[in-house]
1. Does GLU128 satisfy the criteria of being surrounded by fewer than 16 Cβ atoms within 10 Å (Cβ to Cβ) and at pLDDT below 95?
2. Which ones in segment 31-63 are loosely packed, with under 13 Cβ neighbours inside 10 Å and among the charged types (D, E, K, R)?
3. Give the residues of segment 239-274 that are of a type in the set (Asp, Glu), surrounded by 17 or more Cβ atoms within 10 Å (Cβ to Cβ) and touching a strand residue (DSSP E or B) at 6+ places or on another chain (Cβ under 8 Å), sorted by residue number.
4. Can you tell me which residue within segment 229-265, out of those that are touching a Gly at 6+ places or on another chain (Cβ under 9 Å) and part of a strand (DSSP E or B), is farthest from LEU94 (Cα to Cα)?
5. If we scan segment 20-29, do we find a residue that is crowded, with 17+ Cβ neighbours inside 10 Å, over 20 Å from ILE276 (Cα atoms) and out of contact with any helix residue (DSSP H, G or I) (no Cβ under 8 Å at 6 or more places or on another chain)?
6. Working carefully through the options VAL157, VAL91, VAL169, find the one that is in contact with a Cys (Cβ under 7 Å, 6 or more places away or on another chain) and crowded, with 18+ Cβ neighbours inside 10 Å.
7. Can you name the number of the only condition in (1) modelled with pLDDT under 95; (2) in a helix (DSSP H, G or I); (3) within 23 Å of GLY255 (Cβ to Cβ) that TRP109 fails?
Amino acid sequence: MSSSQFVLTLSCPDRPGIVAAVSAFLLSHGQNILDAQQFSDTETGHFFMRVLFGPADARIPLTDLKAAFVAIASRFSFDWQMRDRAERRRVMLLVSKFDHCLADILYRWRTQELEMIPTAIVANHPRETYNGFEFGDIPFHHLPVTRETKAAQEAEVLKLVEDTATELVVLARYMQVLSNDMSKRLVGRCINIHHSFLPGFKGAKPYHQAHERGVKLIGATAHYVTADLDEGPIIDQDVERISHRDSPEDLIRKGRDIERRVLARAVRYHLENRVILNGRKTVVFTD
C-alpha cells in the first residue's frame with residue numbers, strides 16, 4: 001500500500017458547499033481524489049464524508065496538510081480526521097474461553113487482510129486454555145477477574161492500553177461486562193461482538209433465548225461499547241436461517257461462523273476509517 005495515500009473523514013452540520021470546499025482544498029494542495037463517499041442525514045441535519053486521496057503533482061507532508069485544513073474545518077465546524085493510509089493502528093484483543101473470534105482475527109492479521117499491530121492479548125483464562133494457538137511475539141496477559149477484583153483488573157487492562165499506546169480494543173467474545181467507567185474511557189475505540197441480532201435477545205445466552213422463541217433467523221452484531229449494555233452504536237450485523245430442527249447447540253455452532261465474519265468486518269471498517277459515529281448510530285462507508 002502506498003504511503004502517499006491519505007484518508008479524510010468528517011462530519012458536520014449539513015449546509016451547501018461542503019463537497020466543493022473539500023475538493024477545492026485538495027486540488028489547491030496538489031492532491032487527487034481517488035475515492036469519495038458522502039451521506040446527508042436528513043433526520044439529524046448532519047453531513048458525513050470519507051475521501052481517499054493522494055498526491056497528483058505535489059508531495060506534501062501529512063502534518064502540513066492537516067495544518068492547512070484547520071481553516072476550512074473551522075469554517076464548516078468539521079469533526080474530522082486525516083490519516084496516512086499506510087499507518088497501522090494498534091489493537092488489543094480481549095478474550096475469554098471461547099476463542100473462535102480471536103483465532104479468526106489473528107488469521108486475518110497474518111494474511112494481511114486486517115492491517116494492524118496487535119499490542120497484546122488479554123484473557124481472563126490462563127494461557128493453557130488456548131493450547132494449539134501460536135501467538136508468536138504478541139504479549140499474552142492472564143488477568144483473571146471476579147466480582148471482588150473487577151475494578152482492580154480493569155485498572156490493569158486500562159494501564160496496558162495506555163502503556164502499549166493501543167488505539168482500538170476488540171472484545172473477541174470477552175465474556176465480561178465492562179464497568180461504566182471503563183466503557184466511558186474507551187468510548188469510540190472499543191468494539192464488541194454480541195452473539196445476537198440486536199436489539200433482540202440481549203444479555204446472557206441469546207442463542208438459548210432465540211431457541212425458546214422459535215426464531216427462524218439468528219444473527220450477530222458488532223457494536224461500539226457504551227455504558228449501556230448491548231446498546232452501543234452498531235457497526236455491522238449478519239444473519240443465518242435456521243429451522244425447528246436446530247437445537248441450541250446447533251444455533252451456537254452456526255452462530256460462531258456469523259460472529260467471526262461480523263467482527264472481522266467491523267474491525268476492518270474501523271481500521272480503514274469507514275465508520276463515523278452519528279449519535280446512537282453509525283455511518284459506515286463500505287467498500
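1. yes
2. Once the filter is applied, which keeps residues that are loosely packed, with under 13 Cβ neighbours inside 10 Å and among the charged types (D, E, K, R), segment 31-63 yields ASP35, GLU43, ASP57, ARG59.
3. Those that are of a type in the set (Asp, Glu), surrounded by 17 or more Cβ atoms within 10 Å (Cβ to Cβ) and touching a strand residue (DSSP E or B) at 6+ places or on another chain (Cβ under 8 Å): GLU259, GLU272.
4. Out of the qualifying residues, it is GLU240.
5. yes
6. Working: VAL157 fails: in contact with a Cys (Cβ under 7 Å, 6 or more places away or on another chain); VAL91 fails: in contact with a Cys (Cβ under 7 Å, 6 or more places away or on another chain).
Among VAL157, VAL91, VAL169, only VAL169 is in contact with a Cys (Cβ under 7 Å, 6 or more places away or on another chain) and crowded, with 18+ Cβ neighbours inside 10 Å.
7. For TRP109, the exception is condition (1).
A quick yes/no check of all residues on (1) modelled with pLDDT of 90 or more; (2) under 21 Å from HIS100 (Cβ atoms); (3) part of a strand (DSSP E or B); (4) out of contact with any Gly (no Cβ under 6 Å at 6 or more places or on another chain):
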{"residue": "PHE201", "(1), (2), (3), (4)": "no, yes, no, yes"}
{"residue": "GLN209", "(1), (2), (3), (4)": "no, yes, no, yes"}
{"residue": "GLY219", "(1), (2), (3), (4)": "no, yes, yes, yes"}
{"residue": "VAL267", "(1), (2), (3), (4)": "yes, yes, no, yes"}
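The values are calculated or read from the model by the stated rules, or taken from the named source; none is laboratory data. Here the structure is a predicted model, which is why all the values come from computation and not from measurement. Don't worry about glycine lacking a Cβ; one is built from the backbone with ideal geometry, like all the others, and counts go over all protein chains shown.
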